[in-house]
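Below is one structure, written out as structure tokens; comments come after it.
What follows draws every value from the coordinates through simple rules; no lab data is involved. Computed from a prediction, not measured in an experiment: that's the story for all the values here. In this analysis, Cβ positions are derived from the backbone assuming ideal geometry, glycine residues included, and neighbour counts consider all displayed protein chains.
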Amino acid sequence: MVRRSRVHGNGCFARRFIPKGTRLIEYLGERMSHKEADRRYADEDDSNNHTFLFIADRRTVIDATVGGNEARWINHSCDGNCESEIEKSRVFIDARRDIEKGEELGYDYQIGRDKSDPANVDQIYACRCGSPKCRGSMLWPPKRKRKAAAKKRAPARKSAPRTARKGKGKGKTRARA
Ligand SMILES: [Zn+2]
């Protein structure tokens, strides 16, 4: 399932057709507190965007660097064919639509923003997923620089994607110095 991706380093690709709704894999790794995760990566350079951390809930972060499985190689996509689902603070990756054999898997990392982010954080976490809906960044929520445009577009969208509505406190995270 894992091989080099055109998007970013390694990636995961469907070996066969996968119907919508299929639970693909659990995001595994060492479970720890947010504090411990921060401590572990405190020395990390701000510009390092390779992170295997995932927020399972308010108390728990999963670090796939230790005991992680193939789930850690699934790349971010702004409009991916997968989505992350959290159930009882376990993280699963599900197919959010039918996936053809050979397609690269991707889901929205929704990396949270933080007051201590460097000014160029959107560049560090730049997205080149190639989707027409690409927001250019793995961070969530999108940077609000064109409020009016966003407002105008909103009514056209019947419902926000399931993953987007959950908001803060889920999704991938990263180390902060
Ligand atoms: Zn994108």
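Annotations for the structure displayed:
- Checking 75, 81, 49 one by one, the residue that is in contact with a His (Cβ under 6 Å, 6 or more places away or on another chain) and farther than 13 Å from residue 28 by Cα is 75 and no other.
- Matching residues in the range 26-81 - criterion: being small (Gly, Ala, Ser) and surrounded by 16 or more Cβ atoms within 10 Å (Cβ to Cβ): 29, 37, 56, 64, 68, 71, 77, 80
- Screening residue 31 against (1) over 30 Å from residue 99 (Cβ atoms); (2) in contact (Cβ under 8 Å) with a residue 12 or more places away in the chain leaves a single unmet condition, (1).
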